[in-house]
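Worksheet: the structure to be examined is printed underneath.
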Amino acid sequence: MNKNFCAARDAGFCDPLEIADPDERERALMAALPAQIQHAKAAAPAFAELFAGIDAAGVNSRAALARLPVTRKAELQARQQRLRCTDAFGGYSAIGWAARGGRGAKRVFQSPGGVYEPQGQGADYWRVARALFAAGVRAGDLLHNSFSYHLTPAGSMMEGGAHALGCTVFPAGVGNTELQLQAINDLRPQAYVGTPSFLRILLEKATELGVPTASLSKALLSGEAFTPSLRDWFLARGVAAYQCYASADLGLIAYETSAREGLVLAEGLIVEIVRPGTAEPLPDGEVGELVVTSFNPDYPLIRFGTGDLSAVLPGRCPTGRSNTRIKGWLGRADQSVKVRGMFVHAAQVAEIMRRFPALGRARLVVEGALAQDRMSLHIEAQAMAAVEGLSEQIEATIREVTKLRSEVVWAAPGSLANDGLVIEDARSYH
């Protein structure tokens, strides 16, 4: 280890990158971006097709990146299914099986919906060590890993990060509650990784059976919402639990620190918040879909839409970590609703508003009892209500785009919640 690394560890950080100068980090990411886009075009056929005619050398800023299309999970899934006989990864991966030349996939995983993701050969492939370190995990700890080791990569993701820190791992997997409690009793692990709900099940069952769990003092949780009330419930039982946000496609995206103020973005990623259903970046503080560009050479996902809602938090983390913070998971961005037998999607609302650029934030509200639906598009631009014929123009555009009728409701600026919700289903189902 070099002096900078040791100094960072002594100061309570996983490595020097966590406290790098933000401007230097941004310059480094933008400098590396053209080469990653060129690599994606050269090594991943899907991106060669998607970025045809794009000069990679010119994509060296966030503004230039924002002009590239967003790839969403449904598109990746559809392409994988279409090309399954010839390419299991649908042309998005730069690696195949190891026999093809040595630099192939170490493992291949299957996520829900039959989506396949490669794992390359590198240590801590999903970059989870920083999240574990921020949760208090240290070299020499025994980690009780209750994430699945089958089909999905969650178990392997956490194990790779733990090994990078110098930890031993007990691969518990999911289920078998009493056997897992026996292992906790026998092995006395210091740390747990898994879902919040299963940790609660373990601790409640331990109390019921009289099994001691006092060795467990720290936890890194993911895969589910982690509420402050549940955090306090764990603390009352001696477990300081933190959360991280990760995906099978991208690895670690963000992680919680002892400050408990949002999640700090992982290193080696470019993260944007875009208006749901579009590729348009939103200002900091606005809730929208989290879009990630990865610098993973094996799986070079460029502007990959996670389908999750979040927002950028202002300021730096009080712990001294210098990367941008996000609010965490705020819901799903891939919103849709069925109205009178027709699906309406967030992208359609975005298209309607794109045709009226002078207008503000909008939300499509569906009300009424089932089978008696009525739609209204609420728009923040109250002063525009007086513009002759504007409401009728917007209503005609709604009919053209959605094939459904809707009225326009004008709202005062700032009156619609900043929650990323583009479509609200307010119908009664009783």
Restricting attention to region 286-341, the residues that are within 23 Å of N60 (Cα to Cα) and aliphatic (A, V, I, L, M) number exactly 6
Please work out which one of (1) buried (at least 18 other Cβ atoms within 10 Å of the Cβ); (2) touching a residue at least 60 places away in the same chain (Cβ under 8 Å); (3) of a type outside the set (D, E, K, R) is the condition M375 fails and give its number. (2)
Subset of region 110-166 (residues that are within 27 Å of R321 (Cα to Cα), under 18 Å from the mean Cα position of the chain (by Cα) and among the charged types (D, E, K, R)): R127, R130
With (1) under 30 Å from Y242 (Cβ atoms); (2) in a strand (DSSP E or B) as the list, and S376 as the residue in question, which single condition is left unmet? (1)
Any residue that is touching a His at 6+ places or on another chain (Cβ under 7 Å) and crowded, with 18+ Cβ neighbours inside 10 Å - is there at least one of those in region 192-208? yes
Conditions (1) assigned to a helix (DSSP H, G or I); (2) surrounded by fewer than 16 Cβ atoms within 10 Å (Cβ to Cβ); (3) under 21 Å from the mean Cα position of the chain (by Cα); number of the one not met by P69: (1)
Picked from region 164-191 (must be of a type in the set (G, A, S) and touching a residue at least 24 places away in the same chain (Cβ under 8 Å)), the residue surrounded by the fewest Cβ atoms within 10 Å (Cβ to Cβ) is G166
Residues being surrounded by fewer than 20 Cβ atoms within 10 Å (Cβ to Cβ) and either small (G, A, S) or outside the structural domain of G194 (by TED's automatic domain parsing) (or both) - total across region 215-247: 8
Taking L359 as the residue in question, decide whether it is buried (at least 16 other Cβ atoms within 10 Å of the Cβ) and over 21 Å from R332 (Cα atoms). yes
Under 24 Å from the mean Cα position of the chain (by Cα), free of Cβ contacts under 8 Å to residues at least 60 places away in the same chain and more than 30 Å from I19 (Cα to Cα): is that true of A94 in this structure? no
Going residue by residue through region 324-346, is there one that turns out to be of a type in the set (A, V, I, L, M) and part of a helix (DSSP H, G or I)? yes
Looking only at region 66-90, filter to residues that are touching a strand residue (DSSP E or B) at 6+ places or on another chain (Cβ under 7 Å) and β-branched (V, I, T); which one of those is nearest to G113 (Cα to Cα)? T71
R127 - would you say it is within 30 Å of T168 (Cα to Cα), buried (at least 16 other Cβ atoms within 10 Å of the Cβ) and among the charged types (D, E, K, R)? yes
Using beta carbons and a limit of 6 Å, which pairs, at least six apart or on different chains, have the first residue in region 274-295 and under 24 Å from P34 (Cβ atoms) and the second one among the small types (G, A, S) and in a loop (DSSP other than H, G, I, E, B)? P281/A66; F295/G268
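Results for (1) outside any loop (DSSP other than H, G, I, E, B); (2) under 30 Å from the mean Cα position of the chain (by Cα); (3) aliphatic (A, V, I, L, M), shown as yes or no for each residue.
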{"residue": "L359", "(1), (2), (3)": "no, yes, yes"}
{"residue": "V366", "(1), (2), (3)": "yes, yes, yes"}
{"residue": "E392", "(1), (2), (3)": "yes, no, no"}
{"residue": "A396", "(1), (2), (3)": "yes, no, yes"}
{"residue": "L404", "(1), (2), (3)": "no, no, yes"}
{"residue": "E407", "(1), (2), (3)": "yes, no, no"}
{"residue": "G414", "(1), (2), (3)": "no, yes, no"}
Among the residues of region 251-263, the number that are surrounded by 20 or more Cβ atoms within 10 Å (Cβ to Cβ) and in contact (Cβ under 8 Å) with a residue 60 or more places away in the chain is 8
Keeping to region 420-430, report how many residues are touching a residue at least 12 places away in the same chain (Cβ under 8 Å) and loosely packed, with under 13 Cβ neighbours inside 10 Å. 3
Taking region 397-416 and the residues there that are within 16 Å of L359 (Cα to Cα) and among the aliphatic types (A, V, I, L, M), the one that is surrounded by the fewest Cβ atoms within 10 Å (Cβ to Cβ) would be A412
Residue identified as aromatic (F, W, Y) and part of a loop (DSSP other than H, G, I, E, B) among F47, F89: F89
Are any residues in region 332-346 at pLDDT below 85 and small (G, A, S), and if so, which ones? A333, S336, G341
Among the residues of region 79-91, is there at least one that is in the same structural domain as V59 (by TED's automatic domain parsing) and of a type in the set (A, V, I, L, M)? yes
Just to be sure, is A64 closer than 30 Å to T257 by Cα, free of Cβ contacts under 8 Å to residues at least 40 places away in the same chain and among the small types (G, A, S)? no
Among G120, G113, which is modelled with pLDDT under 90 and either surrounded by fewer than 21 Cβ atoms within 10 Å (Cβ to Cβ) or assigned by TED's automatic domain parsing to the domain that holds P318 (or both)? G113
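The values are calculated or read from the model by the stated rules, or taken from the named source; none is laboratory data. Everything quoted here is computed from the prediction, not taken from an experiment. Neighbour counts are summed over all protein chains in view; Cβ atoms, including those assigned to glycine, are modelled from backbone coordinates with ideal geometry.
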